[in-house]
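Reviewing the structure listed below.
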Amino acid sequence: MILIDVSLIANKQVGNAFVQQYYHILHQSPGLVHKFYHDSSKIGRPEEDGTMRVTTTMDVRDLSSSFYS
């Protein structure tokens, strides 16, 4: 008999729903993507010279808008 952990299925569904909503907002309204983050969150983005730029949520709104500009 195969046992399936139902919590793993639920976790995958929640994760998939989050990703779908995140990328929908990122594509349709990038200025609102900062609402997915807490004040203590950090986001990393590689720079042209290969270094990683890490910033706090306070800058996420401006940074996320620059992804599609």
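Here are some notes:
- For HIS24: the one exception among (1) modelled with pLDDT of 90 or more; (2) open to solvent by less than 100 Å² (accessible area, probe 1.4 Å): (2)
- Checklist (1) polar (S, T, N, Q); (2) assigned to a helix (DSSP H, G or I); (3) modelled with pLDDT under 80 applied to SER40, failing item: (2)
- The residues of the stretch 34-52 that are exposed (fewer than 10 other Cβ atoms within 10 Å of the Cβ), touching a residue at least 12 places away in the same chain (Cβ under 8 Å) and not hydroxyl-bearing (Ser, Thr, Tyr), listed by number, are HIS38, ASP39.
The values are calculated or read from the model by the stated rules, or taken from the named source; none is laboratory data. Fair warning: this is a prediction, and the values are worked out from it, not measured in the lab. Every residue, glycine among them, receives a Cβ derived from its backbone with ideal geometry; neighbour counts consider all protein chains shown. Note: areas computed on protein heavy atoms with side chains; ligands, DNA, RNA excluded. Shrake-Rupley method; radii C 1.70, N 1.55, O 1.52, S 1.80 Å.
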